[in-house]
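Have a look at the structure below, then the notes.
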């Protein structure tokens with residue numbers, strides 16, 4: 001038994017030194033050990049890497065005064081809460097609707113003040129942005145289920161507390177947040193689903209990031225957007241930068257192809273993995289909202 005253990009540990013024993021072929025095989029086995037070790041480490045760190053904002057960005061920024069934010073604690077399934085920022089244009093009324101914004105995996109909602117302001121101004125709707133459990137001031141472990149629970153809690157808060165008609169809620173998801181918005185759009189009434197730079201599924205994007213490891217079949221988180229988006233019955237607007245090196249354009253193209261009509265796909269030339277802010281982008285969204293108004 002001890003001899004077998006020494007062989008498995010690649011110790012300098014006669015089995016590995018008898019000839020050149022075995023010495024070379026020893027290096028191959030060492031490489032295999034390293035390969036498996038890296039795979040196990042990545043699997044262990046999966047949630048830390050996927051939910052990077054919770055792991056690496058504990059900083060919290062106070063909202064600028066001009067945003068006129070109302071910071072709220074939103075109850076979610078399981079008895080916990082997440083923090084949200086609500087802001088509305090002057091003279092806004094609930095029947096004018098709201099944008100429910102699910103942000104990406106980096107940073108927390110306090111890093112999105114500029115984006116929140118853009119959506120409020122450009123669509124003249126209220127905006128509710130929220131964090132996921134484990135992000136910013138929101139307690140709890142991060143998880144795929146926790147992201148969905150946060151989205152549902154924020155949606156219910158808009159309908160129940162702010163009395164916003166469900167059919168006037170625009171579900172907006174950026175990058176990882178697109179997965180939350182798509183999941184909601186399958187189950188909840190809404191005015192429009194908008195995704196920005198969103199991936200087809202987590203296994204797909206994980207395989208793209210680490211093409212030399214078989215991660216597609218073994219990651220725990222799924223965020224299977226490509227399977228869900230075909231079940232969304234409302235209008236769908238998908239935007240994706242053609243130069244996005246984080247989530248390649250093919251992901252947005254695949255989501256657009258799978259979505260039902262009415263839908264609009266807007267590739268943004270030479271844009272990377274950043275939030276768009278161009279007249280072309282805003283005009284396209286406003287036009288699509290007008291086209292799909294009942």
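Key figures
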quantity	calculated
Within the range 133-154: backbone nitrogen closer than 17 Å to the residue 209 label point (7 Å, Cα to C-beta)	135, 142-145, 147
Estimated inter-spin distance, residue 22 and residue 279, nm [label 7 Å along Cα→Cβ]	7.7 nm
Segments 26-37, 98-109, 44-55, 149-160 sorted - mean Cβ within 10 Å per residue, highest first	98-109, 149-160, 44-55, 26-37
Extension gain (nm, one decimal) between residue 71 and residue 270, 0.36 nm per residue minus Cα-Cα	68.1 nm
Helix 113-123 axis, angle to the chain major axis (alpha carbon atoms, nearest 10°)	40 degrees
Share of alpha-carbon pairs per 5 Å distance bin for the range 1-155, given as whole %	2, 9, 14, 14, 12, 8, 6, 4, 5, 5, 5, 5, 4, 3, 2, 1, 0, 0
Pairwise FRET efficiency - residue 242 versus residue 93, Cβ, R0 = 30 Å, nearest 0.05	0.20
Value in Å of the Kirkwood radius, where the chain supplies the Cα pairs that are averaged	20.8 Å
Principal-axis tilt of helix 249-258 within the chain, Cα atoms, nearest 10 degrees	60 degrees
Per-peptide average of other Cβ atoms within 10 Å, ordering 269-276, 82-89, 137-144 highest first	82-89, 137-144, 269-276
Fully extended contour minus Cα-Cα distance, from residue 137 to residue 35, at 0.36 nm per residue	33.0 nm
In degrees, nearest ten, helix 279-291 long axis to first principal axis of the chain (Cα)	60 degrees
Global geometry of the range 103-208, whether rounded, prolate or oblate, following the gyration tensor of its Cα atoms and the 1.5 cut on a/c	rounded
Least to most buried among 57, 200 (fewest other Cβ within 10 Å first)	57, 200
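Taken together, the values in this text are just the output of simple stated rules run on the coordinates, not laboratory data. Just so it is clear, the model here is predicted, and its values are computed rather than measured. Using ideal geometry, Cβ is built from the backbone for each residue, glycine included, and neighbour counts are taken over all protein chains shown.
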